[in-house]
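S.K.: Below is a structure I'd like to ask you about.
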Amino acid sequence: MADKNVVYRGAEAVLYKKDGVLVKDRIRKGYRIQQLDRKIRKQRTRHEDSLMERARRAGVDVPRIFSSSDTSIEMEFIEGRKVKDAFNGAGNRERGRISGLIGQALGRLHEANIVHGDFTTSNMILKGGKLYVIDMGLGKYSEKVEDKSCLLYTSPSPRDLSTSRMPSSA
């Protein structure tokens with residue numbers, strides 16, 4: 001893998017493009033016992049592959065998986081814009097449209113009992129009017145409502161802050 005092809009380098013994996021395909025390689029952790037490290041990387045890779053396929057079947061747009069091995073996944077490279085970046089330059093109408101896509105994706109994930117684990121605007125890509133959910137490496141299956149709860153953070157405007165009141169206790 002040449003460094004020029006690296007798309008992202010994270011704590012758990014290196015993502016790079018190879019022949020137009022995105023490869024996610026889970027990296028070895030030197031502080032772990034080698035056999036344990038291999039087992040953990042293998043489990044996480046298989047689990048993420050499974051979550052993405054289940055999400056696709058539930059109607060969530062995710063990158064197509066072409067192949068996977070013990071510690072890597074080869075998938076479709078989505079050439080688009082991160083939602084995080086799209087929100088910054090968007091007006092209220094466009095933000096509302098994108099927010100609707102986010103809600104639909106999250107609803108479909110939860111209907112399929114998939115908990116993303118890191119459902120942030122950095123893990124969503126817009127392309128051709130669709131919202132793609134990426135990086136399910138921290139995800140899991142769960143039927144528990146508590147597991148499906150997400151923190152939604154909205155940044156209030158200064159005007160909202162100046163007029164907000166704390167509810168009184170009954």
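The values are calculated or read from the model by the stated rules, or taken from the named source; none is laboratory data. Treat the numbers as computed from the prediction; the structure is a model and nothing was measured. Virtual Cβ from ideal backbone geometry, glycine too; neighbours counted across all protein chains shown.
S.K.: Taking the options 76, 111, name whichever one is in contact (Cβ under 8 Å) with a residue 12 or more places away in the chain and more than 18 Å from residue 63 (Cβ to Cβ). Step through it out loud before you land on a result.
M.R.: Working: 76 fails: more than 18 Å from residue 63 (Cβ to Cβ).
Answer to the check: 111.
S.K.: Taking the criterion of being more than 16 Å from the chain's Cα centre (by Cα), under 19 Å from residue 23 (Cα atoms) and among the hydrophobic types (A, V, I, L, M, F, W, C), would at least one residue in region 55-68 satisfy it?
M.R.: The initial filter retains those residues of region 55-68 that are more than 16 Å from the chain's Cα centre (by Cα), namely 57, 66-68.
Filter once more, keeping what is under 19 Å from residue 23 (Cα atoms): 66-68.
Narrowing further to those that are among the hydrophobic types (A, V, I, L, M, F, W, C): 66.
Yes, region 55-68 contains a residue that is more than 16 Å from the chain's Cα centre (by Cα), under 19 Å from residue 23 (Cα atoms) and among the hydrophobic types (A, V, I, L, M, F, W, C).
S.K.: Quick check on my filter: what residues within region 121-148 are in a loop (DSSP other than H, G, I, E, B) and surrounded by fewer than 14 Cβ atoms within 10 Å (Cβ to Cβ)?
M.R.: Matches in region 121-148: 128, 129, 142, 143, 144.
S.K.: Wholly within region 1-120, which strands (runs of 3 or more DSSP E) include no fewer than the required count, namely at least 2 residues that are crowded, with 17+ Cβ neighbours inside 10 Å and of a type outside the set (S, T, N, Q)?
M.R.: Working: elements: 6-9, 13-18, 21-26, 65-68, 72-76.
Those strands (runs of 3 or more DSSP E) span 13-18, 21-26, 72-76.
S.K.: For region 25-45, enumerate the residues that are in contact with an Asp or Glu (Cβ under 8 Å, 6 or more places away or on another chain) and of a type outside the set (A, V, I, L, M). Quick ask: steps written out before the conclusion?
M.R.: Within region 25-45, the first condition is being in contact with an Asp or Glu (Cβ under 8 Å, 6 or more places away or on another chain), and the residues that meet it are 26-29, 38, 41-42, 44-45.
26, 28, 29, 38, 41, 42, 44, 45 - these are the residues of region 25-45 that are in contact with an Asp or Glu (Cβ under 8 Å, 6 or more places away or on another chain) and of a type outside the set (A, V, I, L, M).
S.K.: Say whether the condition of being more than 25 Å from residue 47 (Cβ to Cβ), modelled with pLDDT of 95 or more and not β-branched (Val, Ile, Thr) is met by at least one residue in region 105-114.
M.R.: Of the residues in region 105-114, the ones more than 25 Å from residue 47 (Cβ to Cβ) are none.
No, the conditions are met nowhere in region 105-114.
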